[in-house]
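A quick write-up on the structure given underneath.
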Ligand code: CTP
């Protein structure tokens, strides 16, 4: 449920949308938070912007109200009947302040509460992210250093400012981190992950399949599917960031090559099978994120099937089954490094015989993998989207829902489960 600007000040409780408070304090970098706000409102989150009075000198109230679709207040006295200085903080799933000036950091560290933003920081019990922006001298001043240490010791995420050109002629640490970098930390926290990825996959060999296979009918036509490869590539880049050696077996993906990984391009289900089986013999983790064709034409026409040669219609295309690559990886795990974790994906729709999760649990048991990442694809959701919501089923019967997040955040949630599965195997 959205609250149009100027309407009731605080969204009624009971809505299942995630609520974010975006605090903005008085620095020139406030304009960059317009982009951060846009990123935070993706996935249907409700974002309430709480600027300080000084922040409104840089970006006006109307801009924040129009971009957020929510009313904008700076003082505890506005709409006092709704007690916003308590409610906003209490009900938020995340509070992020960008830019956080030296003054805001000092107030937060000392528990001052002289406006709506600082009051909200005192009442918030959710994760809090502060993205500082100030001149280098202010950032390096012992007072700010002590305030940042105090805040971090309380579990508040204070991002390191970026280095570079500051307002005026000076350069150095003090620039607001890029909105994408701030949003990525927020996304992780909203998905229940730690703020930063760790190198917990260091030294592991990981194989990720991505994209969708194509089964040729003739030299120009094929049977394919709508998989874009976004989720597979996000798995590859996040695994590499966490220290893994990554091989991506990529089927017909039209995305920029992910950095820091070995890319093996394939096209058909048969090519996919050969490449995945070859690399999985030495892999500690295999993730089958690709959409592999279940059937292929028995005959592939050597020449393009012409309209005029096929009167009145071409012969029906006779199909045969392809191999189930995931099942073959499971079968071959005896020859793989011990403790190999195998992850499957399941694109499911509910029907008269069961819910999405019932079908997925049956598939997990049938396929014999350790984890199954379940996408509800009713109505064509998921494909070609930057965001995804999944449930991660484990062999031990647990089901972890991951709320609508970027595919990188979903990927990190999957790697967290992989790490947990390896720990369980090693300690068992
Ligand atoms: N998969 C595979 N080889 C195939 C088909 C699927 O390795 N020939 C893998 C996919 O990469 C995915 C998992 O199996 O990780 C589940 O794919 P899905 O299409 O949901 O399941 P199917 O076994 O094909 O069953 P169905 O289509 O009947 O639901």
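The values are calculated or read from the model by the stated rules, or taken from the named source; none is laboratory data. Owing to the predicted nature of the structure, the values given are computational and were not obtained by experimental measurement. A quick note on method: Cβ atoms are made from the backbone with ideal geometry, for glycine too, and the neighbour counts reach across all protein chains shown.
Within the stretch 54-65, take every residue that is out of contact with any helix residue (DSSP H, G or I) (no Cβ under 6 Å at 6 or more places or on another chain) and part of a loop (DSSP other than H, G, I, E, B) and give me the one that is surrounded by the fewest Cβ atoms within 10 Å (Cβ to Cβ).
60
Residue 404 - would you say it is in contact with a helix residue (DSSP H, G or I) (Cβ under 9 Å, 6 or more places away or on another chain), buried (at least 17 other Cβ atoms within 10 Å of the Cβ) and closer than 23 Å to residue 296 by Cβ?
Here the answer is no, as residue 404 does not meet what is asked.
Scan the stretch 74-90 for residues that are crowded, with 21+ Cβ neighbours inside 10 Å and over 17 Å from residue 104 (Cα atoms) and jot them down.
Selection gives 84, 88.
Answer yes or no as to whether residue 175 is crowded, with 16+ Cβ neighbours inside 10 Å, within 16 Å of the ligand (Cβ to nearest atom) and in contact (Cβ under 8 Å) with a residue 60 or more places away in the chain.
no
Can you tell me which condition residue 227 does not meet? The list is (1) in a loop (DSSP other than H, G, I, E, B); (2) more than 12 Å from the ligand (Cβ to nearest atom); (3) surrounded by 15 or more Cβ atoms within 10 Å (Cβ to Cβ), and all the others hold.
(2)
If I go through the stretch 369-380 residue by residue, how many of them are more than 11 Å from the ligand (Cβ to nearest atom) and part of a loop (DSSP other than H, G, I, E, B)?
1
Which of (1) surrounded by fewer than 20 Cβ atoms within 10 Å (Cβ to Cβ); (2) modelled with pLDDT of 95 or more; (3) closer than 14 Å to residue 289 by Cα is the odd one out, the single condition residue 328 does not satisfy?
(3)
Quick check on my filter: what residues within the stretch 181-208 are crowded, with 16+ Cβ neighbours inside 10 Å and over 21 Å from residue 402 (Cα atoms)?
The answer is 204, 205, 206, 207.
Only residues that are assigned to a loop (DSSP other than H, G, I, E, B), within 12 Å of the ligand (Cβ to nearest atom) and in contact with a helix residue (DSSP H, G or I) (Cβ under 7 Å, 6 or more places away or on another chain): list them for the stretch 315-359, please.
Once the filter is applied, which keeps residues that are assigned to a loop (DSSP other than H, G, I, E, B), within 12 Å of the ligand (Cβ to nearest atom) and in contact with a helix residue (DSSP H, G or I) (Cβ under 7 Å, 6 or more places away or on another chain), the stretch 315-359 yields 322, 323, 349.
Let me confirm something: among 170, 180, 218, which residue is in contact (Cβ under 8 Å) with a residue 60 or more places away in the chain and not assigned by TED's automatic domain parsing to the domain that holds residue 326?
180
Can you say whether residue 385 is more than 12 Å from the ligand (Cβ to nearest atom), assigned by TED's automatic domain parsing to the domain that holds residue 401, assigned to a loop (DSSP other than H, G, I, E, B) and free of Cβ contacts under 8 Å to residues at least 40 places away in the same chain, as far as the supplied structure shows?
Judged against the criteria, residue 385 is not a match.
Could you say which residue among 287, 276 is farther than 21 Å from residue 221 by Cα, assigned by TED's automatic domain parsing to the domain that holds residue 211, within 12 Å of the ligand (Cβ to nearest atom) and part of a strand (DSSP E or B)?
Among 287, 276, only 287 is farther than 21 Å from residue 221 by Cα, assigned by TED's automatic domain parsing to the domain that holds residue 211, within 12 Å of the ligand (Cβ to nearest atom) and part of a strand (DSSP E or B).
So which of 25, 68, 33, 43 ends up being touching a strand residue (DSSP E or B) at 6+ places or on another chain (Cβ under 8 Å), modelled with pLDDT under 95 and crowded, with 16+ Cβ neighbours inside 10 Å?
Of 25, 68, 33, 43, the one residue that is touching a strand residue (DSSP E or B) at 6+ places or on another chain (Cβ under 8 Å), modelled with pLDDT under 95 and crowded, with 16+ Cβ neighbours inside 10 Å is 43.
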